[in-house]
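Peer 1: I'd like to ask some things about the structure below.
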Amino acid sequence: MYLGHIPLVVKPMQVAHIPAVASIERESFTMPWPDTAYRHELTQNETAHYYVLGPQRSHPTLADASTWHRLRQMLWFRPGADSDEVWGYAGFWMMVDEAHISTLAVRHDMRQRGLGQCLLLTLLDEARNLETVRATLEVRISNCAAQALYAKYGFEEVGRRKGYYPDNGEDALLLTTPDFSSVAFWNTVDASRSRLLERLGQASVARVLPAN
Ligand SMILES: CC(C)(COP(=O)(O)OP(=O)(O)OC[C@H]1O[C@@H](n2cnc3c(N)ncnc32)[C@H](O)[C@@H]1OP(=O)(O)O)[C@@H](O)C(=O)NCCC(=O)NCCS
C-alpha cells in the first residue's frame, strides 16, 4: 500500500520497536503505558497481538495492486526490506472468543492521512483470521476522532463504564463490532477499505512528507 509515493508496511511489533512506540504513546495518551508494559505484552502475554506501521524504504513493485489481499501480502514484513521507523501501532488481546483492542495510535505529525484506518483494518483482519467472533474496545467519551474512526468501521456503542479513566474520572464508551459472521458488517468494512485504498493511492507527495 502506498501513502503517496511512499509504500507502507505493517508488521508484528518487536521489542526493538518499543522506544518508537513509547514515544508515540506519550504524545497520544494522558495515561501512557510505560515501556515495560509493552515489553510485557510482547514477551509474556500470549493473548496479545501487536503491530506497527511505517514506511517501507525499499520495496517490491506493485504492478497489480487491485485487491486488498494482494496488497496485504505485499504489506507484510520482508526481512531487510524496510526501515524501523514507526508511524503508528495497534494491538488486541484475544479474550476468549473476542478480540479486545487494547491500543491504537498514530504519530501526531502523521495523523489524518488514513494510517489509523490501515491499523484498524489490520486488527480486524487478524482478529477474523484468528476466528474471534467480534472486536470490542473502550474509548474515552471525549475522544471524538477515535469514535469517528470506529464508527466508519461498523463499531457500535453497547455500554458505558462510569468513571473508567482514573486521571480525570471520564467515562468510557464500550464499543463492539457486529459478529464477524455478519455479511453486512464486512460490506461496511470493505467499502471503507476501498475508499481508503483509493485515497492512499492518490495522496500527494506534499501531504505525505512528515512535517519535520
Ligand atoms: C484516533 C487516531 C488513531 C486516528 O488516526 P488517524 O491516522 O488520524 O486516522 P485516519 O486518518 O485513518 O482517519 C480515520 C477517520 O477517523 C476520523 N478522524 C480522524 N481524526 C479525526 C479528527 N481529528 N477529528 C474528527 N475525526 C477524525 C475520521 O472519521 C477519519 O476518516 P476521514 O479521514 O474519512 O474523515 C489518532 O487520532 C490518534 O492516534 N489519536 C491518539 C490516540 C487515540 O486516541 N487512540 C484511540 C484510543 S481508543
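Peer 1: May I ask you to list the residues in region 94-119 that are among the β-branched types (Val, Ile, Thr) and more than 6 Å from the ligand (Cβ to nearest atom)? Let's see the steps before the verdict.
Peer 2: Of all residues in region 94-119, those among the β-branched types (Val, Ile, Thr) come to 96, 101, 103, 106.
Within region 94-119, VAL96, ILE101, THR103 meet the criteria.
Peer 1: Residue pairs, Cβ under 6 Å, 6 or more apart or interchain, first in region 112-129 and farther than 18 Å from TRP87 by Cβ, second more than 8 Å from the ligand (Cβ to nearest atom) and hydrophobic (A, V, I, L, M, F, W, C). List them.
Peer 2: Filtered contacts from region 112-129: ALA127/ALA99; ALA127/ALA135; ARG128/PHE180.
Peer 1: Among the residues in region 172-189, are any surrounded by 13 or more Cβ atoms within 10 Å (Cβ to Cβ) and among the acidic types (Asp, Glu)?
Peer 2: No: zero hits.
Computed from the coordinates by the stated procedures, all read-outs in this text should not be read as laboratory data. Note that the structure is predicted; figures quoted are calculated from it, not measured. Note that we place each Cβ from the backbone using ideal geometry, even for glycine, and neighbour counts take in every protein chain shown.
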